[in-house]
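The values are calculated or read from the model by the stated rules, or taken from the named source; none is laboratory data. Bear in mind that the values here come from a model prediction, so they are computed numbers and not experimental data. FYI the Cβ positions are ideal-geometry reconstructions off the backbone, even for glycines, and counts take in every protein chain you see. All accessible areas refer to the heavy atoms of the entire protein, side chains included, with ligands and DNA or RNA removed. Shrake-Rupley method; radii C 1.70, N 1.55, O 1.52, S 1.80 Å.
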Amino acid sequence: MVDAVIVREGLFDDAEGGRLLGNKCASCGKVYFPKASFCFSCFGTNVEEVALSKRGKLYSYTIGRMPSTHFQPPYAVGLVDLPEGVRVFAPLKLTEADTFRIGMDMAVVIEELWQEDGKLIIGYKFKPA
Amino acid sequence: MREVAVIGIGQSVFGKFPNRSAASLGGEAVAAALADCRIPPKDIQVTYAARNYDTNCTAQAVCKEVGIRALEMINVENACAGGSTAFRGVWKEIADGRYDVGLAIGVESMTTSPIAGKLIPPEKDDLDGHLGMTMPSVFAMVARRQMEEYGATPADFALVSVKNHHHGCLNPQAQYKKEFSVEEILNSRMICDPITLLMCCPNTDGAAAAILCCMDVARRHTTKPVKVLASTLLSGDYEYLQEDICVSPVGTKVAKMAYEMAGVDPKDIDLVEMHDAFANEEILRYEDLMLCEPTKGLELLRSGATKIGGRIPVNPSGGLLALGHPLSASGVRTICEVVLHLRGEAGERQTPKATVGLAQMLGGLVTGLEHGVNASIHILAR
Ligand SMILES: [Zn+2]
């Protein structure tokens, strides 16, 4: 049995099959992911946790062909725009077909990102919806 | 505020030198700058040194190589704008009247740094860095948007690299002095689609140095001092992964500040040295610097105006792409190149009748802030 640890606290939970958790400014309504400790737009300090939509649209992407800190090539990363007005940077699930295109619908998945010191590191990715 | 001049410039060799220390590379650049203006080491009153990796009293270690010691020395780190920050530090000291003569150093040993052989990540605790964000992956995502929104093609990005490698062939100090065709650049190894190896600046070890002084001192040493008309440095706002990743709000703001401070119009600029760490980036920076109308960067590139001999040569040194990019050295090195052209000493790559030149640097990644966390522009004139 291999231990699983999450990549960082407070970014997601496992409700509804896994969803991202952001926060929302009570004054101006701006939504943040990862959570902001105060509103970067109006500097309001009253921010509350909100679960984010599980689907969004691909704003841009690339396939890495050289290693990054934890990923061996090929790996895909991209920017996904969620309906809440948040842009999320995330690894993308590279499928055999590898058919990413700007504007396509994407869905969040919570799964293993990489292994480190015998542990599975769990985080979020997006895959074509 | 006093007027400030640049009287001495120097550069070390640029390339891969895993057996040379940062102090030795820095010392070579400082010795060249001292020789350039023929002032003795003891005349230096203040030193700022920039270095990104493994920095630990870099200014002191470099200066001891050339007989400069026992004076105020400040070490700075500001990602790719580190060298610009060091230059601006010295400029402020002299403009404010605190000192009359100062030394700015930028140095980097990339081959011995902890990131040697890896794609440059953000700071090590940075979440997105762990999730696969690197400098090339960011610029690759920007490139895809340039293709989507402006009709750019990978061949356009390659064209920037063709141009800057051609310029590098005219610069004896460039790391790479080799011409490449669009096809060769497109067919080089893929790094992050659509960015290929030859669209990325290489890893480079090297250093650059500049000696600044007040006008009284400058006139004693030269009949043609190069003046610093504008010195600006600004950090990015909370606009992470901003609405349009093809524009740089901080880059645009800092350009407006610089033109205003210098009292010159973008049309007055005779040459530009800028941060072309990735070929596609140069096209966007034309727009930030107002060398063309917004969204017209591609047209400017395709017209050939930014080649040596064109209306506004950009990166006549070969840029980071061909000359090389020792991170913190580049901010000083770009200023040195502008000074050479203003003096009329740039040899085969000389910009004809250059009177005003601009050196820009932009860089750094921090989750939560716009990408390009630091932007700096210096405008110089003869
Ligand atoms: Zn707010």
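Key figures for this structure:
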quantity	calculated
Straight-distance crosslink candidates among lysines, where the alpha carbon sits under 18 Å from A:K57 and sequence neighbours closer than 8 are dropped	A:K93, A:K125, A:K127
Cα-based shape type of the protein assembly as shown, given that a ≥ b ≥ c are square roots of the gyration tensor eigenvalues and the cut on a/c is 1.5	prolate
At least 40 Å² of accessible area lost relative to the chain alone, listed for the range A:42-59 with a 1.4 Å probe	A:Y59
Cleavage-rule hits, chymotrypsin sites (Phe, Trp or Tyr not before Pro), the range B:130-239, DSSP coil, Cβ neighbours within 10 Å at most 14	B:Y238
Probe 1.4 Å - accessible area at B:H165, Å² to nearest ten	10
Solvent-accessible area per residue, Å², over the range B:271-382 with all protein chains present [probe radius 1.4 Å]	25
Under Karplus coefficients 6.51, -1.76 and 1.60, residue-wise ³J(HN,Hα) of the range B:20-35 in Hz, glycine/proline x	9, 7, 4, 5, 5, 5, x, x, 4, 5, 5, 4, 5, 5, 5, 5
5 angstrom amide H check on A:G44, placed H, neighbours 5+ away	A:C39
Qualifying trypsin sites (Lys or Arg not before Pro) for the range B:323-360 [loop in DSSP, other Cβ within 10 Å: at most 13]	B:K353
Residues of the range B:1-132: accessible area per residue with a 1.4 Å probe, Å²	39
Shielded residues, the range B:147-187 - accessible-area loss of 20 Å² or more between chain alone and all protein chains, probe 1.4 Å	B:E148
Taking chain B and dividing mean pair separation by its residue count, relative contact order in percent (alpha carbons under 8 Å, at least six apart)	25
Counted charge near B:D205, where neighbours are those whose Cβ lies closer than 13 Å (Asp, Glu -1; Lys, Arg +1)	+1
Rounded to whole Hz, the Karplus (6.51, -1.76, 1.60) HN-Hα couplings of the range A:69-80, x for glycine and proline	3, 10, 10, 8, x, x, 9, 10, 9, x, 10, 10
Cross-link reach list, lysines versus B:K224, counting only Cα pairs under 20 Å and skipping chain neighbours closer than eight places	B:K353
5 angstrom amide H check on B:H325, placed H, neighbours 5+ away	B:T204
Drop in accessible area of at least 50 Å² in the complex versus isolated chain, residues of the range B:222-241, 1.4 Å probe	B:Y238, B:L241
Residues of type lysines that B:K178 reaches as a straight line, Cα spacing below 18 Å, ignoring anything fewer than 8 places off in the same chain	B:K16, B:K163, B:K307
The range B:87-94 - phi-based ³J(HN,Hα) in whole Hz, Karplus 6.51/-1.76/1.60, Gly and Pro as x	4, 5, x, 5, 4, 4, 4, 7
Interface A:B - total buried accessible surface [probe 1.4 Å, Å², rounded to 100]	2700
Protein-only accessible surface order, largest first, of B:V332, A:V7 at 1.4 Å	A:V7, B:V332
12 Å beta-carbon shell around B:Q175, net charge (K/R +1, D/E -1)	+3
Carbon + sulfur, % of accessible area of chain A - ligands and nucleic acids excluded, 1.4 Å	48
Charge context of B:A305, other residues only, Cβ under 15 angstrom, K/R +1, D/E -1	+1
Sequence-distant residues sharing a close amide H with B:T196 (under 5 Å, placed H)	B:I191
Carbon/sulfur fraction of accessible area - the range B:247-380, other protein chains in place, 1.4 Å, %	55
222 nm mean residue ellipticity, helices alone, for chain B (DSSP H n ≥ 4; -39,500 (n - 2.57); rounded to 500)	-11000 deg cm²/dmol
Other protein chain Cβ atoms within 10 Å, averaged over every residue that makes up A:73-83	3
Loop-located trypsin sites (Lys or Arg not before Pro) in the range A:1-86 whose Cβ has at most 11 other Cβ within 10 Å (DSSP)	none
